[in-house]
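S.K.: One structure follows; several queries about it will come next.
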Amino acid sequence: MFRSIGWQRSPHSTAVFQALFVTFLWSTSWVLIKIGLDDIPPLTFAGLRYGLAFLCLLPFFFRSGGVAEVRQLPRSGWLGLLALGLIYYALTQGTQFVGLAYLPAVTVNVMLGFTSVVVALLGLGLLGERPSFWQWLGILVALGGGLLYFYPVQMPEAQLVGFVATIVGVLANAGSSVLGRSINRRGHLRPLTVTTVSMGFGSLLLLVAGIATQGVPALSWQSWAIIGWLAVVNTALAFTLWNHSLRILSAMESSIINNTMAVQIPILAVLFLGERLNGRQVTGLVVAIVGTLLVQLGRRRILTRRGKGAT
């Protein structure tokens, strides 16, 4: 019926809706993590989430020939995947869970938003990627927004661990972005293979560290339900949908859609976690989001010009 009157959703529109749905799922993760942290130690929580997600991805990994793919890897390839698992899952995700255990979700969100700024600076030194004018402007704008959000700078002693953990998480997240880009540049491994192997190794490290330092927790059915939902829906399913959308969306489109999380997370935190923001913090948050978006869009323009020059 709808086709007969000319209404039909295009593949591009479907991909946009898929990507937006994934960012919504990822944003709700912050609410669920904050709730689950009342009963689950942070490192163990992160390890259980990504360990279960790894088990969900494993059948697809086997069926798609992932074993044969990794068998052909040289030692340097294996070291790269294991390093990615250490940095992106064990360090980045582990410190994010620790940060959320001590800090409001909005504060962690603002701090992690500076990952793109750190990536641009790391790319300058490690990958020889010279930031454009718009990237430098974005860095300054993002820093200004961050200063406005945190002004006057106050760090309660009870939140010091959270601040330190989140700063480590920002650096680790930026490092994993550079490392992941380096691995994907080679084009010899599919995203499913990279994710499955690195996630499996990283989640194992998280579980070992969590049990060694925090013991084995007695989890309620609600805690297991949160872990299961985060692992199956917000990680395994969301990863699959996101990669499917990337087949159609451009890098710039996916980057802009991914940035909507910076807005979704504060809204969800206010609605479901009871967090509050004053006018100065809202302004600082918006300015920081604009700055990080400029940094990412500036990098996309550089890569687009390089791609055109290569042809």
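Bear in mind that the values in this text are calculations on the coordinates, not laboratory data. As the structure is a prediction and not an experimental result, all values here were calculated from the model. Note that each Cβ is placed from the backbone with ideal geometry, even for glycine, and that neighbours are counted across all protein chains shown.
S.K.: Using unit Cβ charges (K, R positive; D, E negative) and no other charged atoms, how large, in debye to the nearest 20, is the dipole of the chain about its Cα centre? Mind showing how you got there, number by number?
M.R.: Details: 21 positive and 7 negative charges, 268 e Å.
Here the size comes out at about 1280 debye.
S.K.: Now, a different point. How are the Cα pair distances of segment 11-310 distributed, in percent, across 10 Å bins from 0?
M.R.: Bin by bin from 0 Å, the calculated values are 6, 25, 37, 25, 6, 0.
S.K.: Return the sequence-ordered ³J(HN,Hα) values of segment 280-285 in whole Hz as given by the Karplus equation 6.51 cos²θ - 1.76 cosθ + 1.60 applied to θ = phi - 60°, using x for Gly and Pro.
M.R.: After applying 6.51 cos²θ - 1.76 cosθ + 1.60, I find 5, 5, 4, 4, x, 4 Hz.
S.K.: Charges on Cβ only, +1 for Lys and Arg, -1 for Asp and Glu, centred on the Cα centroid of segment 11-310; of 52, 36, 81, which one is farthest towards the dipole's positive end?
M.R.: 81
S.K.: What number, rounded to the nearest 500 deg cm²/dmol, is the helix-based mean residue ellipticity at 222 nm of the chain, given -39500 (n - 2.57) per DSSP H run of at least four residues and division by all its residues? Could you put the intermediate results ahead of the total?
M.R.: Details: 15 runs with 231 residues, N = 311.
Theoretical 222 nm ellipticity from helices: -24500 deg cm²/dmol.
S.K.: Next question. Separation of segment 196-270 and segment 137-187 by C-alpha centroid, Å?
M.R.: Result: 18 Å between the Cα centres.
S.K.: Please list, in order along segment 266-276, the HN-Hα scalar couplings obtained from phi with the Karplus expression 6.51 cos²θ - 1.76 cosθ + 1.60 (θ = phi - 60°), rounded to whole Hz, x for Gly and Pro.
M.R.: x, 4, 5, 5, 5, 6, 10, 10, x, 6, 10
S.K.: For the chain, build the charge dipole from Cβ charges (+1 Lys, Arg; -1 Asp, Glu) around the Cα centre, then report which of 286, 213, 147 sits farthest towards its positive end.
M.R.: 286
S.K.: Using each residue's phi in segment 160-176, evaluate 6.51 cos²θ - 1.76 cosθ + 1.60 at θ = phi - 60° and report the 3J(HN,Hα) Karplus result to the nearest Hz, with x for Gly and Pro.
M.R.: 4, 4, x, 4, 4, 4, 5, 4, 4, x, 4, 5, 5, 5, 5, x, 5
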